[in-house]
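First up is the structure itself, then whatever we jot down about it.
The values are calculated or read from the model by the stated rules, or taken from the named source; none is laboratory data. All values derive from a computational prediction rather than experimental measurement. In this analysis, Cβ positions are derived from the backbone assuming ideal geometry, glycine residues included, and neighbour counts consider all displayed protein chains. These accessible areas exclude ligands, DNA and RNA; they are computed on the full protein's heavy atoms, side chains included. Shrake-Rupley method; radii C 1.70, N 1.55, O 1.52, S 1.80 Å.
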Amino acid sequence: MAQISLSLIRRVTLALLDAANDRDSVVQEQVRKSILTLGKQQPNKVLSMCQDYLVKHPKLVIGHRVLILQTIELVVKTKIDDISYPKIKSVISLASDEMTRSKEVVPDWQQAASNILVAVGNKHINDIMEEILSKFQPGVLPHFFVVQTLASLSDSNVYGMVPFLNAILGTMLPMLGMAKQDNMKWVFSSALSHFSESILEYLANLDKAPDPTVRKDTFSSEIYAAYDILFCSWLQSREPKLRLTVAAAVGSMSHLMAHDKLEEQLPKLIPTIISLYKKNTEHYVISKVGCRCKIMLSSNPPTVKNHNEVLRCFSILANTFPDRLIVFVLQKLENSNERNRMGSLAVLRHLINSSASIMETKKLLILASIRQPLADHSNKVRSCAIVQVISAMAHHGYLELEGGDLLVKFIIQTVFLSQRPGQRPTDPEEVTNEALRSMCDNTLHLFTTTVGRLTDVLWPMLLFYLTPGQYSNATTPLCKSLILLATKKRDAQEPNFYIDFNEQVNLPSPHILMTRLIVAAFLMTFRGHGGPSLSLLKVLSPNIHPKAETVWAKEIPALLSCLEGTGPFSGSLAQRLLAETLMAIAEDRWSCQMAVEATRYLSNYNQSPEEKSFLYKFVGVTLQQCCNKELVKKQLQEILFNARHSDSTEREGVAVGIGLCARSHLEATLAKLDDFGKSDAFKKASGIFGLLKDKNDVDIEKMKSTLILCYGYVALYAPDDLILSRIDSDILRNISKHFNTKDLTMKLSLIQSVGLIAKAISSVVRRQDYMFVRKQELMGVMVVSPCVASSLHYKSHVTEGSSKYDWTCLSLRLPLFPQELYTDTFNALQELLRNILTRDLTPDGLQSVFKHIEAWLSSNQDHERERAVKTTAHILDFYFSNLKVKNMVTFHNLGALLGRLAPRCTDPNPLVRTAAIDCIYRLLYIQLRYEGFSLDHKDESVESLITLRERLNNPEPSVLYKTCSELAKIISKRLPQQQLNTLIFMLFEGLVDPQSNCSRASSVVLNTLLKNRGMLEVLHIRLQMISEEQVKVAVAQSILILATQHLQTVINTLISYPLPFDNWSCEMWIALGADSNLASQIMEMLMEKLNIMVPYVDKKESMMRSGLSKVATSHPLAMTCALKEMMLNGQSQDAVVSLFPQLFSSLLVRLGSSVGVSLPKDINTNSIRSDRKNSPKMAVGFDVCGVAVEALRILLARAQLDDVVNRLDQEGAWDKMKDPQQHPTGVTLLSRAMARHAGPRLPAIVECLCPCLNNIYECQRVTITAFFSELLSHHVVTELMMMDVLMNNMMERISDPCCTVRMLAVRGLGNIAVGSPEKVNKYAKELLAAMSSGMEEKDDPGKHITLEAMSGLSKVLVYLDKKNVHLLVVYIFMKIKPFLESENDEIRCASIMLLGNLSKFGSGEPVFKDQIHNVLVSLLLHLNDPNLQVVKACKYSMRVCAPVVGSELITTMFQNHLHEDKSLHYGEFINDLTKYIVSRSPLNTVTLFPIHKLIQFFKSNWAEVRAGAAMFIGRCQNSSGCDVLLLSLMAFIYFVSSTSQCVSALCL
């Protein structure tokens, strides 16, 4: 690379140094790499610039400084040899200064500087030591990182540092006593540990050392002095980290201590070190110290290293105390605790391997003791411990001793361990059965290959485990081991290679061994047993039968080559091997015994249908070689009666086996089948009165199916010269009686059997003159089922009048078995189609042929699709080869053909995929021919299909779909424009293909075409037919693509869909939410229109009624639905969050204008599908307000405001919002939840909502005012500086034409006292004016404004200063008085509460005192008010107004008795009060309780108040002797009032 100029390096380096403090770690790393790249070219220059940068910027942040120092270290490490000596000196000075500038320890900074010194020290150790030792002076405690740097240098440059260590240790020793802080003790201990390690390494490699005269005793005295301080003082520290470091140092230093000193310290050292196990969780260092072993660098984790160190401790103990140690370890094996047993076994294994000579005399004891752990059920114990111990014992001669065979048996049995299905280990350390089995596999292989002394133990014992069914999963490892053992013995010509099976009674017989191994060979594709089984069979041939050896030596290698993939392999090859073996043996007795034992062996395969099916065929081949007719019949009977006929695989195996037997024993076989068909097994036991079906009827049908199949295979395998005479008389006679069955299994068996009979006849009829007399009968029966008619191909040919469609149908649906059955038929079909196509070699002619094939392209059956595509490829090749274009003709059906074939390029069947792309390849060249190109023309884009064809062999879905996309690009390039629509519509049809892969491929091709060539209603229709979810996802992508190109058109079209949107319209809207950028655009468009369009119109309800009702307009409603559906897409979250304030305000305003609005009867008049009438769905569950509420709810959820949603759910706010009467309450709950859980979002929302307060629709103003009103009751308004904005808006709404808006505005102003009480005095003038005007409101029929005004004023007065209220007290008081007797309980309560709150401002004012006296009667009487809240309000007001009355005793009485939470005996209270007043001065009674005021309450609306007035006057009369005339007048009034309570009170 060309050298970069110095000036450029300077500019680039400075820029990189400035950028080094980036927050992103990736950027920092890249900056470091870039500076290093420059440093490799100009190390001196770059180092100078880094150094200057640090000097000029002394106040750099630590992270920035560290990164630059790290960069210097990298440059130094990389280019140390190219850096000039002056620069080295300056770098050392810089690093030393950076490391020690701060007395405090700043690890990152100082470590980076230390690393530079260590890097330089690898080459310039003398210069480094000169600098470091200047800061390491006697008598002065050095900097932490000075010591740390010395330690690091001793690691990185052993040979350079050791010569300095004697002097360093001499200087360091006095410093140890000065170290008081744990961190300094730690660094000194660490340094001593590193120094010791360096010295030991130096001494171990003196041949490489610069000074070979250095000896261990050079350092012994200093090391011992340091050891004394560390061991006696620092090792007792409470800090675990320090203890471990000191322990490590002591361990390293002990190697350098004098031998006598170490022996002297051992009695104290070992107990101390062992005691550290209890104090520390990290044991490795402790074990290392205790063992006094040299520490080698290892990649093992500390726990593994600790494990090894502990084992080495046991080895040392074994050398000194072997007997005691063995007894101790073997006793621990008896402990059932898993950890103890595993540990004991690990120690035992280590001792067997490491102390073999010592353990020699202990072998029998160990063998006897190891038996107990063998029964442990823990896989950890068995795998990690026992198996490893047995493996060690095998290598040291234990297993040949008495009892060793039990250990071998344990290993073998564990090899057979099966994995428990569906069970996964919960403990990550747990050993699964499969892992344990694998370990024993390897151990067994190890025994047979490396432990020669075990050969006689394992041979021939392993053969016993080869044949039982429960051990079948271990066949392969057993075979491999047996092959090795047998080969070894045979090559060594050992006599025990030959097995005497009469003497070895526990071993399986040669017949069973041969049976097992041949069956296992057949199952190669299932279990992988084929190769080892055949190889073992070949090695065992002398033991199976001497005559088999020659045959197997010839045949088995050929079979093995087939298994390895160099030739075809099937069960027929194994059958042939068996047949040739039996013919070579040629002993009828041996063959008969083979048949008997193989039949008996069938039960071992009850859990393996494939093996058992093959074994039936095995028996059939064996019976061919048997001459004993009685034995043949007996075995056939045993097979037929003991088979599990309900299993289809076993049924097939039985039929084939019996058919094979018929090749040599046709007469006996047919006779036995006839006997079986007439046996009691086929007799049905009738139920009660013959009406109930016996439970065995189903099994009987299955037995009949087996019998039918047996006849078919007998016909197929019987000798040619005998079968024709038996077809009519025996075979068809017995199966024809079942032609009318309704059982599906029997039907299939009949179909297959007829096919087999047909095949047998077709192969014989060519050589013999034969008249099939029952041919017409069979054709009549078979024609009922077209799919089996082709089985008659062997007996008949297509006639002149045959339908080509029927023939195509029959050929393509031909069953999968046998292969030969459909080959001729298929060839005949292709010849027929070629002949038809020759007559009309035009696009129309091609279409007329293809229309009979295309239905099969999407068949559910793999073989039918394969045949259909291959047939299509064949006729296209024929069409192309014979096409002669004389004129320019349009290939008008190209799009239709491509649309049918393109989806098949991802078919699950690989043969279909390759054939489909071949079809497309040929179609495009046919199109080129029609365009005028020559026959030999090669088009580059079309030729690239050949490459794509190779990729289709990869079944990975991602590869297939990518290939499909590239295919679509090629088609898009070559397809004429007029064919595009046809192709797209064909692909739409492919979206509902039964094969999910193909339907997805249709969507991939469709998307690619839409991108490259650039349909909404059709997608909507097709969506209704698609069930595959991934296809729907792809269609959604298509909609997105359309929207990106024609956004306005797409939106206008979708908005015009009928309401309510159906499921598929909703899915299309949801799809538009997948792209956040596009979703943002759409949402902004919808909100813009939603905010300006008329939300509803007023319409006359009916001709009979004069009232108007609100009827929704369709477009705003549709837009609301659209927003709701888009937000349902989780991928719209980014768009929703970015537009949240606008969306929230738009939907809140929309909600306000939806309350009480009904759906129009003609809502879908202007939709794009106006033919759709209002569905029942519209009447149930679809309402205008509900849509807005649901959209708002989804918005909050999508914006992740779950706390808001949950709160609203709990409070039932959503239903309240939809209720016209409770709508303001619902909005209030929404506002409250937003204030509590979404405060930071409110300023933007308020900004968006403020302009809407001037909207002409009062319902919208009501909603916004209710929202703002509640916000003012939360302090978050002040925190976010929204108070002025909301206050001004509320003041403007005070004069709103709508009564509800005014009421909510007054409420909001009152809420200021709740949310921001500190702001009350700031807005005192405005608040008092608003409340006062509210109490004077005349256009307020329900007095709601008045109520809110008084309630709000009560809240505000609590925080107002007296100076702001003083002049208005009497004015407000006068406004309150009329409401004290209001019939509305809430107003009455609010006015009394306001009176009490106002009292603190009138204290000391005579005018106010007079006013209190005027209302005191009313308050006392309302203490008996029927409304409990009014009573509480009276108690409160009288208690706070009592001081104004002027009597301390009354004040005390009110304070003691009038508590809101306490009950009051009204009569006693009034009695005590009047007694006190009269006793003080009769005039008080007149002043405080004027009679004319009391009389006014006799006409009160509440009986309780009227009674109270009467009671009061009665008490006054009893106390003061009032005038009798007055009492008479009162009595008259009582009489007129006709109130029993009044009469009772008067009597009192």
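Taking every pair of distinct Cα atoms and averaging 1/r, then inverting, what Kirkwood hydrodynamic radius in Å comes out for the range 529-677?
15.9 Å
Rg (Å, one decimal) plus Dmax (Å, integer) for the alpha carbons of the range 149-216?
12.7, 41
At each listed q (0.15, 0.24, 0.26 Å⁻¹), what is the log10 of I(q)/I(0) that the Debye formula gives for the range 138-179 modelled as equal alpha-carbon point scatterers?
With no solvent term, the Cα-only Debye profile gives -0.37, -0.86, -0.96.
For the range 1305-1319 and the range 1414-1438, compute the distance between their C-alpha centroids and round to whole Å.
Here the answer is 27 Å between Cα centres.
Between the alpha-carbon centers of the range 429-484 and the range 1224-1249, tell me the distance in whole angstrom.
75 Å
Which three lengths, in whole Å and largest first, does the range 1248-1402 cover when its Cα atoms are put on their principal axes?
The Cα atoms of the range 1248-1402 stretch 44, 34, 22 Å along the principal axes, largest first.
Given the Cα atoms of the range 1216-1260, and with Rh set as the inverse mean 1/r over their pairs in the Kirkwood sense, what is Rg to Rh to two decimals?
1.02
Can you pull the percent of Cα pairs in the range 1320-1366 with separation above 15 Å?
The proportion of pairs with Cα distances above 15 Å equals 40 percent.
Counting Lys and Arg as +1 and Asp and Glu as -1, what is the net charge of the other residues whose Cβ lies under 14 Å from the Cβ of residue 576?
+1
What translational diffusion coefficient, in µm²/s and rounded to a whole number, does the Stokes-Einstein relation yield for the range 1-92 at 25 °C and a viscosity of 0.890 mPa s, taking the hydrodynamic radius as the Kirkwood radius over Cα pairs?
Value of D from the Cα-based Kirkwood radius: 186 µm²/s.
Starting from the exponent 0.38 and prefactor 2.2 Å, build the expected Rg for the range 713-766 from its residue count and divide its actual Cα Rg by it.
Taking the Cα Rg and dividing by 2.2 N^0.38 Å, one obtains 1.15.
How much accessible area per residue does the range 1255-1390 have, counting only protein heavy atoms and a probe of 1.4 Å, in square angstrom?
41 Å²
What Rg and what Dmax come out for the range 1190-1235 when only alpha-carbon atoms are used, in angstroms?
Final numbers for Rg and Dmax: 9.8, 30 Å.
Would you mind getting me the FRET efficiency between residue 432 and residue 1133? Use the beta-carbon distance for r and R0 = 41 Å, nearest 0.05.
0.45
Please work out how much length the chain gains when fully extended from residue 494 to residue 834, using 0.36 nm per residue of separation minus the C-alpha to C-alpha distance, in nm with one decimal.
Using 0.36 nm per residue and subtracting the Cα-Cα distance, I get 115.4 nm.
With every protein chain kept in the model, how would you rank 1506, 516, 733 by accessible area, 1.4 Å probe, largest at the top?
733, 1506, 516
Counting only other residues whose beta carbon sits under 9 Å from that of residue 1458, what net charge do I get with K and R as +1, D and E as -1?
Net local charge, residue 1458 excluded: +2.
Rounded to the nearest Å, what's the spacing between the alpha carbon centres of the range 1043-1093 and the range 19-63? Just the number, please.
That distance is 52 Å.
Can you give the Kirkwood hydrodynamic radius of the range 41-181 from its Cα pairs, in Å with one decimal?
With all distinct Cα pairs of the range 41-181 included, I get 15.5 Å.
Enumerate the residues in the range 1266-1302 having an amide nitrogen under 20 Å from the point lying 7 Å beyond the Cα of residue 1339 toward its Cβ.
1266, 1289-1302
When only alpha-carbon atoms are used, what values of Rg and Dmax, in angstrom, describe the range 474-517?
Radius of gyration, then largest Cα-Cα span, for the range 474-517: 11.4, 28 Å.
At what distance in nm do the modelled label points of residue 1047 and residue 1325 sit from each other, each positioned 7 Å from its Cα along Cα→Cβ?
Result: 5.0 nm between the two label points.
Once label points are set 7 Å from the Cα along Cα→Cβ at both residue 365 and residue 449, what is their separation, rounded to one decimal in nm?
3.6 nm
Return the FRET efficiency for the residue pair residue 682, residue 576: r is the Cβ-Cβ distance, R0 is 41 Å, and the value is rounded to the nearest 0.05.
Computed FRET efficiency for residue 682 and residue 576: 0.70.
Efficiency by 1/(1 + (r/R0)^6): what FRET value for residue 890 and residue 647, r their Cβ-Cβ distance, R0 = 51 Å, to the nearest 0.05?
0.30
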